[in-house]
Structure formats: C-alpha cells, structure tokens
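Chemist: Pasting in a structure now, in structure tokens, and then I'll have a few things to ask.
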C-alpha cells in the first residue's frame, strides 16, 4: 500500500525509522505539550548550541520540526496514494550529537498510513492540513512560545521559511509550466484555504507577500528573503546574520555578495 520514500523523508525532512547513535535525549513528541518536558528539551539543547536565551534554542528547535511540516506537505501534494501519520502521538523527538553540532531527528513510531480519496482530493487535503496544524503544530508552538517568553510569530516564521524554501526547490525541479502552476496552487491552498484559527492567530501566517533579493553569487537569479530571523546571530559564535535574514541591511548584504565573488 505504501508509496512513501523513507530515504527521502530522512535525508530532507529529518524523519526516521531508527534511533541515532550518541543520543543525548529522546522523548515522545506528544510529551512536549507539557511545559516541564519542553523545558527539559530546550534546557538540554541550549548549552549544546551555546544559546544564551531559551528563545534562541526555541527558534532553532522549531526550525528542525519544520521538516515534519514540509514532509506533510510533500506527501499531501506529491504522493498519489497515501500519507504517513505524522501526529505528535506517532513521533519521538531525538536529540543527538552530530560530528560538528547537535542534531534532531523525529522517529516514526509506527508506519501508519492514511489513504487518499480518489475523488474530491483537494477538499480532503484542506481538511488534513487544518487538522495537522490545529491539533499538532499550533499546540506545540503555543507551549514553546510560553516557555521561551516570546511571541509565536517568529516561531511560525521558521516553518514559513522552510515551506517557501521547499516551494522554491520544487519550482526549480519542475520541468513543465503546468507542474509549476500546480505547485503554486498547492501552496496557495495553505495560504488561503486554511482558517487562521487553525494557527491560533488572527491571520494565517503563510498569507504573506514574498520579498525577493539578489542571489549572492548568481546576479541574474532572485531568492526569497526569509520572513523571520533564525536568531543565529545570538549564538556565542561568529556566525552572524544569514544572507537572507530580514534583519540584515542591504549595504551589508551587498558586502556579503562582494566577498562571495
């Protein structure tokens, strides 16, 4: 029945069927809806990335979880038969030591599939997206927001960044104009087809106007400016600002382009 590419899920979206080596912490993802468990995860992760504030570690963690959201969209719109159950109750969060820095993966506890209907598939997709965000992503972000004492908007911004980066990648891979139009239509479904209440916000966080900037080393190409900062500049490192960071001034971005040549 399943037509899911598990290797792709692991390489692109941090989903796995296995437990990693050098595990630092693992727990059921549904346990993160409890503030004490979320605090344990964030306070374990923070010193590993030299984060001085919980808000920084919170943003970094949700950027990893954004991979789960991207996987859901990929399966909904690129699969023709089934999607995996990516509910919090069917995932385990795994924090482990990588070669250079700590990593997260999300273990699929049981390979449970949901079969797509043959007819009226777009209505089913909208309902699936609404349920996924309303019942899983939004509650997770709300707990994280309260724990880190920060607005939920920058946390949502990491998921928005990841999904629009995915759209750009899929747009580039599409060989036909019709495929590109279909790709845009699917993302518009997320922007306009899901009520803001599913996100616990007054406005759908994906309903934004994209801004484009010059590619750092391909002048004729444009790339999307991130909608929210990843807070990497706050780490106790010399990383600084990403080229696509909305906080970066254009003169500094121009200097980064000049140094890239």
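The values are calculated or read from the model by the stated rules, or taken from the named source; none is laboratory data. What you see is a predicted model; the values in this text were computed from it and never measured. Here the Cβ positions follow ideal geometry from the backbone for every residue, glycine too, while neighbour counts run over all protein chains shown.
Chemist: Report yes if residue 32 is surrounded by 20 or more Cβ atoms within 10 Å (Cβ to Cβ), in contact with a strand residue (DSSP E or B) (Cβ under 7 Å, 6 or more places away or on another chain) and in a helix (DSSP H, G or I), otherwise no. Walk me through how you get there before you give the answer.
Modeler: Details: surrounded by 20 or more Cβ atoms within 10 Å (Cβ to Cβ): yes; in contact with a strand residue (DSSP E or B) (Cβ under 7 Å, 6 or more places away or on another chain): yes; in a helix (DSSP H, G or I): yes.
For residue 32, the condition - surrounded by 20 or more Cβ atoms within 10 Å (Cβ to Cβ), in contact with a strand residue (DSSP E or B) (Cβ under 7 Å, 6 or more places away or on another chain) and in a helix (DSSP H, G or I) - is met.
Chemist: Kindly list the number of the only condition in (1) surrounded by fewer than 18 Cβ atoms within 10 Å (Cβ to Cβ); (2) at pLDDT below 85; (3) part of a helix (DSSP H, G or I) that fails for residue 123.
Modeler: (2)
Chemist: To continue, here is another question. How many residues are out of contact with any strand residue (DSSP E or B) (no Cβ under 7 Å at 6 or more places or on another chain) and either crowded, with 19+ Cβ neighbours inside 10 Å or more than 14 Å from residue 136 (Cβ to Cβ) (or both) if we restrict to the range 85-104?
Modeler: 6
Chemist: Among the residues that make up the range 77-84, is at least one of them at pLDDT below 95, surrounded by 16 or more Cβ atoms within 10 Å (Cβ to Cβ) and part of a helix (DSSP H, G or I)?
Modeler: yes
Chemist: Residues to consider are 84, 76, 95, 9; find the one that is in contact with a helix residue (DSSP H, G or I) (Cβ under 8 Å, 6 or more places away or on another chain) and farther than 24 Å from residue 184 by Cα.
Modeler: Being in contact with a helix residue (DSSP H, G or I) (Cβ under 8 Å, 6 or more places away or on another chain) and farther than 24 Å from residue 184 by Cα holds for just one of 84, 76, 95, 9, which is 95.
Chemist: Given the conditions (1) assigned to a helix (DSSP H, G or I); (2) farther than 29 Å from residue 80 by Cα; (3) touching a residue at least 12 places away in the same chain (Cβ under 8 Å), report the number of the one that residue 50 does not fulfil.
Modeler: Among (1) assigned to a helix (DSSP H, G or I); (2) farther than 29 Å from residue 80 by Cα; (3) touching a residue at least 12 places away in the same chain (Cβ under 8 Å), the lone unmet condition for residue 50 is (1).
Chemist: Let me ask you something else. Select, from 19, 11, the only residue that is over 22 Å from residue 235 (Cβ atoms), surrounded by fewer than 18 Cβ atoms within 10 Å (Cβ to Cβ) and under 15 Å from the mean Cα position of the chain (by Cα).
Modeler: Result: 11 is the single residue among 19, 11 that is over 22 Å from residue 235 (Cβ atoms), surrounded by fewer than 18 Cβ atoms within 10 Å (Cβ to Cβ) and under 15 Å from the mean Cα position of the chain (by Cα).
Chemist: Okay, moving on. Within the range 99-114, which residues are assigned to a loop (DSSP other than H, G, I, E, B), in contact (Cβ under 8 Å) with a residue 40 or more places away in the chain and within 16 Å of residue 49 (Cβ to Cβ)?
Modeler: Hit for the range 99-114 is 101, nothing else.
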